[in-house]
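Everything on this sheet refers to the single structure shown next.
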Amino acid sequence: MLSLRDIFFAVSGFTFCFFTPYASAAKTTYADLKSGDVITVTLDQLLPTQAVLSYDREYANLARYSENLKQMYNDLCIANGGKGVKKWSDDSKPTDPESYQCRNKPGTHTDALNTVVVGPEEGMLFLTQGHHVFSTFWDMPNGGTSVPVTVKVTHNLIGSAEDFWAEMNNDREVWLRNSKGQKIKADDLPEYIGQKQLKHDRYLSLIFLLEGISYSHPKTKDKKTIPFFELNWALALRKHMKISEYDLNVPDEYATALTEAATIMVDLSDDEVIGKSEKTAKEMGKFKTVDSKALEKLITDKKSDFNYAMAYRMAKKEKSTPKRLLEQEAAEKEKKKKSKEAEPNNKDEKSE
């Protein structure tokens, strides 16, 4: 039986076309695409090269969009190489690029574009950068599969057949690990982007939130980003702590998990190799000490990524959980709280 992915490949090879932002709506075949080409596609044409996301990174963005729609159109314009939003209205739709205007023409700023690899067959486009931002556009209430995005081609591997994944691995264009950090095969990759397919790597969420607190992105001489930078940090972090010991739906517990993770990161030796990056902790931007002021601001500032993500988490949970279970959960938490408060008194009584 054909999988959805196989069906998608078969159909897309014959029916999909691309429009470059520089050409006058000229049809282009996959085989014609070359490195550096800028093309416009819809989100459902993009195949993921990783199986995980930081849900909290997406939650923070979704919470901001619900509060300020302009932020959403601004992010759309930036992701599409248009610098930022210039005009939009309440009638604008992410699925209709004619309904809003970016500061520059989409595709103008090519360095801002996310990237794709073509192949190994006609009709296949693998997303190699931008899983989080594009998944956010996929999952947002007014988004979905038909949101148009502009991307840049890095390689065309049509015809590479069975050598395709070997080349992808060699070029570090695919991350074959699941949400538990376990190795997977290319056939195990999801069929589409978005949270219905990509699973939550909670260690990745910790790394996302701790940027500027326990590490920063290193500046390389060639100005190129380190492949799967955050994913490698997440892979290293899971060796030193158990995220399952924390309930990330409880702000205080999540804050404690962040504090532990930050401390672990800065305490690593400078020469420890991080994940599968082949780079040391020092080369991966590790701080010598935790920036405690930045950590405090992350946890206490209502406009921080952490608090936006927590607000979205709680709203999502409240919407999906029956009221009876929420009340039961609240009662159990109150019972545990009172039990902990009573513990010191019990110890005092025993010592007397």
State all residues of the range 76-89 that are open to solvent by 30 Å² or more (accessible area, probe 1.4 Å) and closer than 20 Å to F134 by Cβ; if no residue qualifies, say none. I78, K83, W88
Matching residues in the range 198-217 - criterion: being of a type outside the set (A, V, I, L, M), part of a loop (DSSP other than H, G, I, E, B) and within 20 Å of N114 (Cα to Cα): H217
Of everything in the range 90-143, what is over 22 Å from the mean Cα position of the chain (by Cα), polar (S, T, N, Q) and open to solvent by 50 Å² or more (accessible area, probe 1.4 Å)? Give them in sequence order. Q101, N104, T108
Residue match in the range 180-195 (condition: assigned to a helix (DSSP H, G or I) and either open to solvent by 40 Å² or more (accessible area, probe 1.4 Å) or in contact with a strand residue (DSSP E or B) (Cβ under 9 Å, 6 or more places away or on another chain) (or both)): yes
Which pairs have Cβ atoms under 8 Å, sit 6 or more apart or on different chains, and link a residue in the range 46-59 that is farther than 17 Å from L235 by Cβ to one that is in a loop (DSSP other than H, G, I, E, B) and among the hydroxyl-bearing types (S, T, Y)? L46/Y192; L47/Y192; P48/Y192
Quick count over the range 67-82, residues being more than 16 Å from T40 (Cα to Cα), out of contact with any Pro (no Cβ under 8 Å at 6 or more places or on another chain) and not acidic (D, E), is 5
Evaluate the following for D96: is it within 25 Å of P141 (Cα to Cα) and at pLDDT below 95? no
Test: residue in the range 228-240 that is in a loop (DSSP other than H, G, I, E, B), over 19 Å from L268 (Cα atoms) and open to solvent by 10 Å² or more (accessible area, probe 1.4 Å): yes
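The values are calculated or read from the model by the stated rules, or taken from the named source; none is laboratory data. Bear in mind that the values here come from a model prediction, so they are computed numbers and not experimental data. Using ideal geometry, Cβ is built from the backbone for each residue, glycine included, and neighbour counts are taken over all protein chains shown. Quick note on the areas: whole protein, heavy atoms, side chains included, nothing else; ligands and nucleic acids left out. Shrake-Rupley method; radii C 1.70, N 1.55, O 1.52, S 1.80 Å.
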